[in-house]
1. Return the only residue of B:T303, B:T295 being crowded, with 18+ Cβ neighbours inside 10 Å and under 19 Å from B:V415 (Cα atoms).
2. Is the stretch A:232-241 home to any residue that is assigned to a helix (DSSP H, G or I), at pLDDT 95 or above and over 22 Å from the mean Cα position of the chain (by Cα)?
3. Name the single residue that is nearest to the chain's Cα centre (by Cα) among those in the stretch A:152-186 being more than 12 Å from A:L232 (Cα to Cα), of a type in the set (S, T, N, Q) and open to solvent by less than 30 Å² (accessible area, probe 1.4 Å).
4. If a residue has to be open to solvent by less than 10 Å² (accessible area, probe 1.4 Å), among the small types (G, A, S) and more than 22 Å from B:A501 (Cβ to Cβ) to count, how many in the stretch B:435-467 make the cut?
5. Any idea which of A:I336, A:I319 is modelled with pLDDT of 95 or more, in contact with a Gly (Cβ under 8 Å, 6 or more places away or on another chain), of a type outside the set (K, R) and assigned to a loop (DSSP other than H, G, I, E, B)?
6. For the stretch B:88-106, does any single residue satisfy the condition of being in contact with a helix residue (DSSP H, G or I) (Cβ under 8 Å, 6 or more places away or on another chain), over 25 Å from B:A247 (Cα atoms), surrounded by 24 or more Cβ atoms within 10 Å (Cβ to Cβ) and among the hydrophobic types (A, V, I, L, M, F, W, C)?
7. Report, ordered by the first and then the second residue, all pairs with beta carbons closer than 7 Å, sequence separation of six or more or different chains, a first member in the stretch A:335-363 that is closer than 13 Å to A:E398 by Cα and more than 9 Å from chain B (Cβ to nearest Cβ), and a second member that is basic (K, R) and surrounded by 14 or more Cβ atoms within 10 Å (Cβ to Cβ).
8. Hey, could you check the stretch A:199-214 for residues that are buried (at least 24 other Cβ atoms within 10 Å of the Cβ) and not aliphatic (A, V, I, L, M) and say which is nearest to A:Q49 (Cα to Cα)?
Number of protein chains: 2
Amino acid sequence: MGVDYGTNSVRAVVVDLEDGREIAVGVYEYKRGEHGIVVSRQDHQLARQHPTDYVEGFVAAVGGAVKAAGKVKGFEVERVVGIGVDATGSTPLPVDREGVPLAMLRQFKDNPDAMAWLWKDHTAWKEAAAITQRAGELKVPYLGKCGGTYSSEWFWSKIWRCRVSSPKVFRAAYSWVELCDFVPAWACGITNPAAIRRSVCAAGHKAMYHAAWGGLPSVEFLKTLHPDLAALRGRLYDEAVASNEIAGRLTPEVAKKVGLPAGIVVAVGAIDAHHGAVGAGVRPGVLVKVIGTSTCDMAVAPTAPEELPGVCGLVPGSIIPGMVGVEAGQSAVGDIFNWFARGFGGGHEALTREATKLAPGQSGLLALDWNNGNRTILVDPRLSGLLVGQTLHTTVGEVYRALVEATAFGARAIVERMEEYGVKIKTVVNCGGIAEKSGLVMQIYADVLGRPMLVSRSSQTCALGAAMFGGVAAGAWKTVEAAQRAMCGVKEKKYVPQGRAVKVYNELYSLYRRLHDAFGGVERKADLGGVMKRLMELRG
Amino acid sequence: MGVDYGTNSVRAVVVDLEDGREIAVGVYEYKRGEHGIVVSRQDHQLARQHPTDYVEGFVAAVGGAVKAAGKVKGFEVERVVGIGVDATGSTPLPVDREGVPLAMLRQFKDNPDAMAWLWKDHTAWKEAAAITQRAGELKVPYLGKCGGTYSSEWFWSKIWRCRVSSPKVFRAAYSWVELCDFVPAWACGITNPAAIRRSVCAAGHKAMYHAAWGGLPSVEFLKTLHPDLAALRGRLYDEAVASNEIAGRLTPEVAKKVGLPAGIVVAVGAIDAHHGAVGAGVRPGVLVKVIGTSTCDMAVAPTAPEELPGVCGLVPGSIIPGMVGVEAGQSAVGDIFNWFARGFGGGHEALTREATKLAPGQSGLLALDWNNGNRTILVDPRLSGLLVGQTLHTTVGEVYRALVEATAFGARAIVERMEEYGVKIKTVVNCGGIAEKSGLVMQIYADVLGRPMLVSRSSQTCALGAAMFGGVAAGAWKTVEAAQRAMCGVKEKKYVPQGRAVKVYNELYSLYRRLHDAFGGVERKADLGGVMKRLMELRG
């Protein structure tokens, strides 16, 4: 079984280990806050979740999936061998000495700082900037594996923020646990925080953990941030492991509630996109793009580059055990299309129809895809969108196409950065609703990236990947790669780069990079005088 | 009386010389082509008018106004002392040895090249570029008075183009006459092209005429363009004069058709915006902005700067006799608002309502107003629009306001350029529908330009100005200035710069200039890295 903790709901699937077929599904929509997210009127950057939703969600979703599977011919519940778990991240929550989330204690139950700090919470932006600055000043290596910039979305920023905004909560927290570690621990009855097996994926990508430098950042470094963070380090963890390892075994109590056999294996968790990459068939040379409101771009490499500037993460074992996991992403993709289609008219269908009629370059437009900042490769949230080339005849369909192209150029910048540092990308497997529904987007991506675009066969790659790890941890498959060969696949329809389009987009991409570098602060002596004229010429 | 030849119609007004009151109006919509413009499916840059429309239009509009005035109590047709004429320009038409427009001859009647080449015809862009280049190579002074760049809209470009595209028409043309010169000549029965009194306004702003260098460009220079242009020079004119001079006297034949006394004075013509500036009350220190689909920005200076780079024209006597007329303009203003309101949703009313709620800087957006190129101060038609600062929350109302602000910044760039070269601007009188209707636009202009915005009392300033010249030429007023004091006025409502807004807009303008200079090719080493962040900070 795979259990996937998303932003608004948790989803459990029962999967056939022989061929990856989904046998049954159970879903639970979080009940607390707005669509499961506790927000604040005073601070739009705040986004929390109540851990009660995680616990109730496990029982409801897993129990629901098992019940539904029971109606499927040939399914026998005794043959469920293991459970894999993935979750959003970095989503850390404070727990007490017995591993109980503080928000589940009476005195903290309505305190947002005692809840889980959801991945998209940005209240800790000052702390993130301070961590980046301090690491730079002290020339410590901790940011070398996360693109050189520490994010307000990540583990240490959030914990430090909690120390600042709620000292009481901070003091009551014996330890902090990532959501993807909390769920297996809870399901397996591990109440001692020191005994929780931690995900190397969350630790490495979000908490500056690296085995080679002795785990988490040193006490000395943490002291320069805040003495209380240094004191906390000893109550966190020294070692983190990959998801082919066993986190524990399902307790009889939980097993009874969900209708599964007690004692089955629960695998060590991971962050959702990483399991999603495995479920989509990531392997050396194959990039997995999860395209949603934003994107996650996941790759693996047999040997690690020393660094990969501007790329969010570079962590051994975070995706496939024995390989280095590489994580990048764009801050907004579907979000940009939605923003324009809803606010500026047309709706996706009509806009797609208009945009499809246009040839590359024909709109005369060029855009930057930074409406929500740039996650990779500039790692700068304080950037914004840009559109150039408008005439008095520019249409909404043309702008829509330019925005799609902009996200493709952003995707290409990521792939080029990876290749520049030795992570080769030959093909791309795309997941998510946009990949499944929009031939326009996929064809433009193929033409801009100059590589075939494949679409994952499963539309639940995260849960599928989690189930695969459940199977591997339980010994049903010896390796993740063997499980992938049996269980992953792509749809028949694939998108192949077209000669003329590739040529025009190569030129448009070079113009994009000029704007990218000028407005991104990479190039301080930018010569943009010819950009508008070249766009007019390309319009033909 | 004033007669105003616009792009789609001709309008005649009977005006009271004592106070500028409009007594009666007559209008004629051109009948040929689309809304009076002959276009081509093959070439979207082509825009012509049939001279028959001009002749029929004079009779219908003037006759109609006289007839309507006849019903006004106290009006006596014998007291009409003169007629002034203005027209779009540069709108030259080829005529034969008897002054008959070639398109009014049977063999040329449907040939667009034999018609009037309307101001907005851009078929001659190659010739314009060649003239600019040649003048630069030969270091001749001819472009010093027209901003340094010769336009495809102007006299010599069009005539040269005709030589290239229709040698037959070119050979049949004994001379070429601007529309504002053709109408008075026709009305006064002047059939010898050499006897037509030419407008110094059209000659100076559009044909590189300058008294100090002996009139039109030299035969030697024209030879380097095309020998046939050099040969034509002798059949054009040696002298051009201001509109306080008499072009001729109304023939009995025309007088009878329109119901006016024969023999009354017809003043030398001028280009419409120039008469419009007079009708709006232009004087030293007062800029007149005619805001329509594009703008004309008109000023006068008692003494002329030697040059005014990037400003379309600098011509002694072109606006007020005895002063230097300065003409600048923006290629698109109302056109940009229309483009956005129609194509991107909302409509002007709703967009204006939303935009009015916003404080300066609040949108976080910044735009360039180049959707139709930049006429002043870059003189570059091959530029385009730009919008920066979009987030996932940007609304159509915010973009609309940013576009209004962009046109205000473009207006400020013109005013600053004028002041830099000694043409001082203290207040601005605005004309046109946008000035009359949009308090939002006027307030933003006041805040961005840091000067009070007044609105002309008359909404027919071109025709009013023409009527004033009819009166001055006939001797009813001794000077244009005296006529202006009696006949011009502004509306009660005026728009005054607001302190905080001025401050924010000063900063936004400096960001605008950074984009302006970078994309306009002025600054080849642009540092734009901080632009997006500063816009975010200003958003507050």
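The values are calculated or read from the model by the stated rules, or taken from the named source; none is laboratory data. Bear in mind the structure is a predicted one, so any value in this text is a computation, not a measurement. Cβ placement follows ideal geometry from the backbone for every residue including glycine, while neighbour counts extend to all protein chains displayed. We work out accessible area using only protein heavy atoms, side chains counted, and drop any ligands, DNA or RNA first. Shrake-Rupley method; radii C 1.70, N 1.55, O 1.52, S 1.80 Å.
1. Details: B:T303 fails: crowded, with 18+ Cβ neighbours inside 10 Å.
It is B:T295.
2. The initial filter retains those residues of the stretch A:232-241 that are assigned to a helix (DSSP H, G or I), namely A:232-233.
Checking the rest, the ones that are also at pLDDT 95 or above come to A:232-233.
With over 22 Å from the mean Cα position of the chain (by Cα) added as a condition, the list becomes A:232-233.
Checked against the condition, which is being assigned to a helix (DSSP H, G or I), at pLDDT 95 or above and over 22 Å from the mean Cα position of the chain (by Cα), the stretch A:232-241 yields at least one hit.
3. Of everything passing the filter in the stretch A:152-186, A:S152 is nearest to the chain's Cα centre (by Cα).
4. The total comes to 5.
5. The match here is A:I319.
6. No: zero hits.
7. Taking only residues 6 or more apart or on different chains, the pairs are A:A355/A:R401; A:L358/A:R401; A:G361/A:R539; A:Q362/A:R539; A:S363/A:R401.
8. Restricting attention to the stretch A:199-214, the residues satisfying the condition of being buried (at least 24 other Cβ atoms within 10 Å of the Cβ) are A:199-209.
Going one step further and asking which of them are not aliphatic (A, V, I, L, M), we end up with A:199, A:201, A:204-206, A:209.
Working: A:S199: 20, A:C201: 21, A:G204: 23, A:H205: 21, A:K206: 18, A:Y209: 25 Å.
Only one residue fits best here, namely A:K206.
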